[in-house]
Amino acid sequence: MAEAQALRREIESRYHIDVLLLQGDVSSPTDAARLVDTVVSAWKRIDILIHNAGPYIKERKKLAEYTDEEWNTMIHGNLSSAFYLCRAAIPPMRDRRFGRIVTIGFEKAPSAPGWMYRSAFAAAKAGLVSLTRTIALEEAENGITANMVCPGDVVGDDKQRTIEEARSISDPDTPVGRPGTGEDISRAIAFFCNEQSDFITGAVLEVTGGKDVLNKYRIQGEK
């Protein structure tokens, strides 16, 4: 909570906007609805929903080794949570005839690839692609777009780096020659959220620097 409060102060100071901090479990339908309702109650609207929830099990495990709890955590945290949040957010978006929904996948998610030792996570994210595209079709007439951003190999400290900082770092494994950053991902999300991006919906954008992450892991062994 202390980190969240510090981030709120930083954002309010830098951008001169109000920040509302909420806590909840988005894999719970009750919590997800409460979060959206609180935002609408406070600000009388909800324009953008970025679904960045993504529980992940780092341990390498084949499907037969997953427990029921682990499977349910992956499916509900990555997929059901999107359903709960979108179900709550779409009606107020319809009322204003404007909405931007952005989900987060992984490289090659649109083709539903097999991913060794990541069966539950991969299945949930592949399902999220279809859910995102279905929302795009259903809500296009209401001025609501739904798109997905699929990050590549953005890990460790690179998540906090800016693009300018990353340009001074060599990464021979990535075709563009530098590591990816959190800013690369946020710029893609911001593009989809722009008011002028209303003609783009149902799209899945990979932000990878040209790196074939899944095949690299298959050949060299996963991190």
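Brief remarks on what is shown
- Scanning the range 156-199 for residues that are of a type in the set (D, E, K, R), at pLDDT below 95, buried (at least 18 other Cβ atoms within 10 Å of the Cβ) and not in a loop (DSSP other than H, G, I, E, B) yields one hit, Asp158.
- When each of Ser111, Ser168, Ser119 is tested for being over 19 Å from the mean Cα position of the chain (by Cα) and small (Gly, Ala, Ser), the lone residue that passes is Ser168.
- Taking the range 83-115 as the range and being in contact (Cβ under 8 Å) with a residue 40 or more places away in the chain and under 18 Å from Leu205 (Cα atoms) as the test, the residues that pass are Arg100, Ile101, Val102, Thr103, Ile104, Gly105, Phe106, Glu107, Lys108, Ala109, Pro110, Pro113.
- Taking the range 33-58 as the range and being in contact with a Gly (Cβ under 7 Å, 6 or more places away or on another chain) and modelled with pLDDT of 95 or more as the test, the residues that pass are Arg34, Leu35, Asp47.
- Residues (outside any loop (DSSP other than H, G, I, E, B) and over 25 Å from Ile75 (Cα atoms)) located in the range 9-32: Arg9, Glu10, Ile11, Glu12, Ser13, Arg14, Tyr15
- Tally of residues being of a type in the set (Lys, Arg) and not in a loop (DSSP other than H, G, I, E, B) across the range 92-134: 5
- Residues of the range 33-78 that turn out to be part of a loop (DSSP other than H, G, I, E, B) and among the charged types (D, E, K, R), as a count: 8
- Qualifying residue in the range 134-152 (condition: buried (at least 20 other Cβ atoms within 10 Å of the Cβ), in contact (Cβ under 8 Å) with a residue 60 or more places away in the chain and more than 19 Å from Ala82 (Cα to Cα)): yes
- Taking first residues from the range 186-211 that are more than 11 Å from Ala136 (Cα to Cα) and partners that are assigned to a helix (DSSP H, G or I) and among the charged types (D, E, K, R), the Cβ contacts under 9 Å between residues at least 6 apart in sequence or on separate chains come to Val204/Arg133; Val207/Asp184; Val207/Arg187; Gly209/Asp184.
The values are calculated or read from the model by the stated rules, or taken from the named source; none is laboratory data. Just so we're clear, the structure is a prediction, and the values are computed from it rather than from any experiment. Cβ coordinates were reconstructed from backbone atoms using ideal geometry, including for glycine residues, and neighbour counts include every protein chain displayed.
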